[in-house]
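The values are calculated or read from the model by the stated rules, or taken from the named source; none is laboratory data. Computed from a predicted model, the values in this text were never measured in an experiment. Positions of Cβ are generated from backbone atoms using ideal geometry, with glycine treated the same way; all protein chains shown enter the neighbour counts. Side chains are part of the model used for accessible areas, which takes the heavy atoms of the whole protein and leaves out ligands, DNA and RNA. Shrake-Rupley method; radii C 1.70, N 1.55, O 1.52, S 1.80 Å.
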Amino acid sequence: MTYKKLNVQTKGEGFYDVTRELRKMAKDLFSNESGMIQLFITHTSAGLTINESFDPSARIDLENFLKHLAPRDLKFITHTDEGEDDSPSHMKAILMNQNLGIIVERGELILGTWQGVYLCEFRDDPKTRSILVKPFFD
């Protein structure tokens, strides 16, 4: 086995919590072993992040922060082949991670108390996004 693929169906721009699915994958991949998983998202208009996942208002603040940093009405935007969200989606993606490494101990993801893993979708239209999950064993 080289890697597994986690497909996530999005419904437009937003942060999608994929922690539960990754915990299940880690348990299936590692059983009672330890190591790390490397996550890689294969898209240029989406990203990955680990952040606060207990209070939903934190997620909303993060989404609004990125909209503030890369609004659609910037005068210099020329890349709009796929719509007005095209260039701002790439701008937001460069601010997020394309890959993450997470420790796995005896089949359990090691995250902080309030941390969750998010797929960050920056396009308006629904998409199927893929996260590649590569295990590394101790």
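Within the range 43-62, which residues are within 12 Å of the chain's Cα centre (by Cα) and small (Gly, Ala, Ser)?
SER45, ALA46, GLY47
Quick test for you: out of LEU29, LEU6, pick the one residue that is assigned to a strand (DSSP E or B) and either open to solvent by less than 70 Å² (accessible area, probe 1.4 Å) or not hydrophobic (A, V, I, L, M, F, W, C) (or both).
Within the list LEU29, LEU6, the selection yields LEU6.
Only one of these is in a helix (DSSP H, G or I), open to solvent by 50 Å² or more (accessible area, probe 1.4 Å) and closer than 18 Å to ASP124 by Cα: LYS11, LYS67, LYS24. Name it.
The match here is LYS67.
Going by the conditions given, is PHE54 open to solvent by 80 Å² or more (accessible area, probe 1.4 Å), in contact (Cβ under 8 Å) with a residue 60 or more places away in the chain, touching a Phe, Trp or Tyr at 6+ places or on another chain (Cβ under 6 Å) and within 17 Å of LEU119 (Cα to Cα)?
Spelling it out, PHE54 is indeed open to solvent by 80 Å² or more (accessible area, probe 1.4 Å), in contact (Cβ under 8 Å) with a residue 60 or more places away in the chain, touching a Phe, Trp or Tyr at 6+ places or on another chain (Cβ under 6 Å) and within 17 Å of LEU119 (Cα to Cα).
Could you list all residues from the range 97-138 that are open to solvent by 20 Å² or more (accessible area, probe 1.4 Å) and touching a Gly at 6+ places or on another chain (Cβ under 7 Å)?
Within the range 97-138, ASN97, GLN98, ASP124, ASP125, PRO126, PHE136, PHE137, ASP138 qualify.
Just wondering, is there one or more residues in the range 97-115 that are of a type in the set (Ser, Thr, Tyr) and either farther than 30 Å from PHE136 by Cβ or touching a residue at least 60 places away in the same chain (Cβ under 8 Å) (or both)?
No, the range 97-115 contains no residue that is of a type in the set (Ser, Thr, Tyr) and either farther than 30 Å from PHE136 by Cβ or touching a residue at least 60 places away in the same chain (Cβ under 8 Å) (or both).
For the range 70-94: of the residues being surrounded by 13 or more Cβ atoms within 10 Å (Cβ to Cβ) and among the hydrophobic types (A, V, I, L, M, F, W, C), which is farthest from SER45 (Cα to Cα)?
Only one residue fits best here, namely ILE77.
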